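Worksheet for the structure shown next.
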Amino acid sequence: NKRMKKVSDLTNWQDGINEVLVGNCLDLMKMMPDKCVDLVLTDPPYGMEFRSNYRKIKHDKIEGDDIFPVELIAEFQRIAKRGVYVFCRWDNLRDLPPPKSVLAWVKNNWSMGDLQHEHGRQWEAICFYPQEQHQFIKRIPDVIKSNRTGNNLHPTEKPIDLMMTLLQANVGDLIFDPFMGSWTTAKACQDLKRNFIGAELSEKYCEIGEKRLAQKMLF
C-alpha cells in the first residue's frame with residue numbers, strides 16, 4: 001500500500017509528519033509556523049552542476065543543483081527551536097551565515113577533482129546553528145568518520161550511521177529534512193523512534209523512501 005502524499009494536497013503541515021511527501025519543500029515550509037520542529041538535518045544541493053560518468057549512468061541529474069540554497073538557512077532557523085545541521089562543500093562556507101560549529105564528515109575515499117593541482121578531498125562540511133532551546137544529549141567532536149554508503153540509491157546519499165550520530169547527540173523529537181533524497185534522514189529517525197517531516201521533489205526517490213520506511217530495505 002502506498003503511503004506517499006503530495007505536499008500540494010496537505011491542508012495542515014502536521015498531516016505530513018512521518019509520511020513520504022513528494023513536492024517542493026518551499027511549499028511545505030510556507031505552512032510551517034515558527035519553532036515548530038526541534039531540529040533541521042538536511043543535505044541540500046551543493047550547486048555543483050556536476051555528474052561523473054558513473055552518476056550519469058546510475059542517476060538522474062539532481063534537480064536544483066545549480067546553486068546552494070543559502071537563503072534557506074534563515075528559514076531553517078525560523079522553523080527550528082533547537083538546532084540546524086546543513087551539509088555543504090568547503091567552498092560553500094564562504095557564502096553561508098557563520099555557523100557556531102563546522103563539523104567534518106571524513107569519508108573512506110576522496111574526490112577526483114583536479115588531479116594535477118588539487119588535493120583529493122576526503123571530507124564534507126556540516127554547519128551547525130544552535131537555536132535558543134538547544135540541548136546536547138552527548139557532546140560529540142567536530143570530526144566524524146563514517147564510510148560512504150554503497151547502496152547507490154541516490155547520487156549524494158549520506159550514511160544512516162552518520163545521520164544517527166548527529167541525531168543522537170541532540171535533544172529533539174521532531175526532525176525536519178526539506179531535501180529528503182532517498183529518505184536517509186527519515187529512516188534514521190524511524191530507527192531512533194523519532195518523528196520526522198520533509199519533502200522530496202523526485203517521485204522516484206519517494207518510492208525508494210516508501211520501501212525503506214516499510215522495512216523492505218533494511219538500511
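The values are calculated or read from the model by the stated rules, or taken from the named source; none is laboratory data. Worth saying up front: this structure is predicted, and the values here are computed from it rather than measured. Every residue, glycine among them, receives a Cβ derived from its backbone with ideal geometry; neighbour counts consider all protein chains shown. Surface accessibility is based on the protein's heavy atoms, side chains included, excluding ligands, DNA and RNA. Shrake-Rupley method; radii C 1.70, N 1.55, O 1.52, S 1.80 Å.
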Practice task
For residue 4 and residue 132, compute 0.36 nm times the residue count separating them, minus their Cα-Cα distance, and round to one decimal in nm.
Solution key: 42.7 nm
Practice task
Could you list the residues of segment 1-45 with an amide nitrogen less than 16 Å from a label point located 7 Å from the Cα of residue 204 in the Cα-to-C-beta direction?
Solution key: 23
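Of 123, 110, which has the most accessible area and how do the rest follow, probe 1.4 Å?
Details: 123 105, 110 160 Å².
If we order 123, 110 from most to least accessible, we get 110, 123.
How high is the FRET efficiency from residue 102 to residue 168, r the C-beta distance, R0 22 Å, rounded to 0.05? Don't skip to the end; give the middle numbers.
Details: r = 20 Å, r/R0 = 0.89.
That pair, residue 102 with residue 168, gives E of 0.65.
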Exercise for the section: Calculate the spin-label point distance for residue 35 paired with residue 70, positioning each point 7 Å from the Cα along the beta-carbon direction, and give it in nanometres. Expected result: 2.9 nm
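What trypsin sites (Lys or Arg not before Pro) does segment 164-204 have in DSSP loop regions with at most 16 other beta carbons within 10 Å? Show your work: numbers first, answer last.
Numbers: sites: 187, 193, 194, 204; in loops: 193, 194.
In loop regions of segment 164-204 (DSSP not H, G, I, E or B), the sparsely surrounded trypsin sites (Lys or Arg not before Pro) are 193.
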